[in-house]
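The values are calculated or read from the model by the stated rules, or taken from the named source; none is laboratory data. Here the structure is a predicted model, which means the values were calculated and not measured. No Cβ is skipped: glycine too gets one built from the backbone with ideal geometry, and neighbour counts run over all protein chains shown. Protein only, heavy atoms only, side chains kept; ligands, DNA and RNA dropped before computing areas. Shrake-Rupley method; radii C 1.70, N 1.55, O 1.52, S 1.80 Å.
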Amino acid sequence: VHGVENKTYQPLNQDNDVGQYLVLNLGCLDKNMDQMFNLVTDLMSGPQFKDVNNLSKQLRIQSSEIANSLVEDSLSYAVSYASSGLSKVRFFNEKLANSRLICSYAVEQLKTSNPKPLLDELAYQIEKAWNQIINKNLLSICVYSSEDYLDRIQARIDYMISTFRTERDRFLKEVVQQQNLEESFKKQYHKIFFALPMKINYVVESFEVPGYLHEDTPKLQVLCHLMERITLQNEIVDKNGAVSAGCAFINDGVLSMFSYRDPHTLQTYTKFELAAQHIMKGMFNDQEVKDAKISVFQRLDKPCLLYTSDLPTIYSVQISVVAVSLKKKK
């Protein structure tokens with residue numbers, strides 16, 4: 001198993017639609033194909049959510065990992081929070097809120113001498129969500145393989161689906177529309193300072209911009225590289241002593257300027273403003289535009305590997321099992 005992710009995204013050309021997905025990525029060698037399908041079938045048809053001892057252990061592990069990563073991952077938390085008020089997708093994926101939720105369960109567990117009722121309720125909610133996800137109408141399977149193995153893979157998938165029909169009583173039932181969580185999203189620019197026990201800062205400013213499919217997307221990507229090279233690196237890193245600074249275009253319609261391990265805060269925001277002014281006044285030359293385009297091409301024009309591996313060709317089967325948990329519309 002290469003990873004399990006909870007993803008929220010906005011389908012193409014559907015501004016008022018947000019989809020939530022649970023994505024399970026799998027990959028194996030030729031000889032391990034049957035074993036892999038047996039494992040994923042067992043995993044998805046009968047997960048042991050009611051094992052409260054394991055659930056308690058996982059809460060402790062995850063909350064500990066979050067606490068230990070707060071300092072090193074401070075920039076990613078800052079970018080996530082700053083952009084969460086500008087995009088529905090970023091709002092549902094906001095890292096700080098999700099981390100707080102996990103830690104709150106761990107804290108409540110530590111505060112009581114009898115955590116079993118709390119863990120039983122959590123297990124019930126997880127089981128309820130899983131029953132909603134594993135449904136024929138919401139399940140999508142994507143396979144990457146050579147043609148030599150496609151018939152064999154199809155047979156294994158058919159067997160897996162038949163197992164779901166037998167062991168998951170809700171697999172063939174109609175999906176019940178859940179509460180529209182989009183109502184909790186209100187577009188806003190966040191202005192907040194989180195105090196950290198250190199003398200450095202992670203400063204972020206995010207702006208709403210057109211999404212990935214807009215015709216101006218290539219210009220925005222070049223714009224990010226121009227602001228980073230012309231102003232942000234020079235003013236924030238070279239002159240003000242930050243370790244790094246940059247500008248990032250996020251596909252779902254957000255542009256973020258940031259500094260990393262920065263001794264300043266408010267002064268950095270004036271540098272963000274300066275970067276925007278330099279662009280608006282055309283304070284760049286043709287060579288700088290050319291260099292920015294090359295940087296964009298270098299980032300985009302590279303081998304697209306499904307998994308990070310030095311030897312990607314060893315995988316004959318690479319499968320993404322995608323289950324849509326909710327499809328919400330206004």
Original post:
In segment 74-101, what residues are over 14 Å from the mean Cα position of the chain (by Cα) and either open to solvent by less than 50 Å² (accessible area, probe 1.4 Å) or more than 24 Å from residue 185 (Cα to Cα) (or both)?
Top reply: 74, 75, 78, 82, 85, 86
Original post:
Scanning for something polar (S, T, N, Q), open to solvent by 50 Å² or more (accessible area, probe 1.4 Å), closer than 30 Å to residue 128 by Cα and in contact with a Lys or Arg (Cβ under 8 Å, 6 or more places away or on another chain), does segment 177-184 turn up at least one residue?
Top reply: yes
Subject >> Selection within segment 202-247 - open to solvent by less than 40 Å² (accessible area, probe 1.4 Å), closer than 19 Å to residue 89 by Cα and in a strand (DSSP E or B) >> reply: 204, 206
Original post:
Would segment 104-119 turn up any residue that is within 30 Å of residue 260 (Cα to Cα), touching an Asp or Glu at 6+ places or on another chain (Cβ under 9 Å) and free of Cβ contacts under 8 Å to residues at least 24 places away in the same chain?
Top reply: no
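What tally of residues in segment 140-163 results from selecting those that are in a strand (DSSP E or B) and open to solvent by 80 Å² or more (accessible area, probe 1.4 Å)? Let's see the steps before the verdict.
Here is the first cut: in segment 140-163, the residues in a strand (DSSP E or B) are 140-145.
This time we only want the ones that are open to solvent by 80 Å² or more (accessible area, probe 1.4 Å), so: 144.
Total satisfying the criteria: 1.
Just to be sure, is residue 123 among the small types (Gly, Ala, Ser), outside any loop (DSSP other than H, G, I, E, B) and closer than 24 Å to residue 69 by Cβ? Break it down into steps so the answer makes sense when it comes.
On the way: among the small types (Gly, Ala, Ser): yes; outside any loop (DSSP other than H, G, I, E, B): yes; closer than 24 Å to residue 69 by Cβ: no.
Criteria not met by residue 123.
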Subject >> Filter result (of a type outside the set (Val, Ile, Thr), touching a residue at least 60 places away in the same chain (Cβ under 8 Å), open to solvent by less than 50 Å² (accessible area, probe 1.4 Å) and closer than 20 Å to residue 195 by Cα) within segment 258-290 >> reply: 258, 262
Original post:
Taking segment 4-38 on its own, how many of its residues are at pLDDT 70 or above and either closer than 14 Å to residue 87 by Cβ or not in a strand (DSSP E or B) (or both)?
Top reply: 10
**OP:** Determine whether segment 164-173 contains at least one residue that is open to solvent by 70 Å² or more (accessible area, probe 1.4 Å), outside any strand (DSSP E or B) and over 30 Å from residue 128 (Cβ atoms).
**Re:** no
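Does segment 150-176 hold any residues that are of a type in the set (Phe, Trp, Tyr) and in contact with a helix residue (DSSP H, G or I) (Cβ under 7 Å, 6 or more places away or on another chain), and which are they? First the steps, then the outcome.
To start, the set of residues in segment 150-176 that are of a type in the set (Phe, Trp, Tyr) comprises 159, 164, 171.
Within segment 150-176, 164, 171 meet the criteria.
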**OP:** Scan (1) surrounded by 13 or more Cβ atoms within 10 Å (Cβ to Cβ); (2) farther than 22 Å from residue 39 by Cβ for the single condition residue 137 breaks and write down its number.
**Re:** (1)
**OP:** Please state which of the following conditions residue 199 fails to meet, knowing it meets all the rest: (1) part of a strand (DSSP E or B); (2) open to solvent by 80 Å² or more (accessible area, probe 1.4 Å).
**Re:** (1)
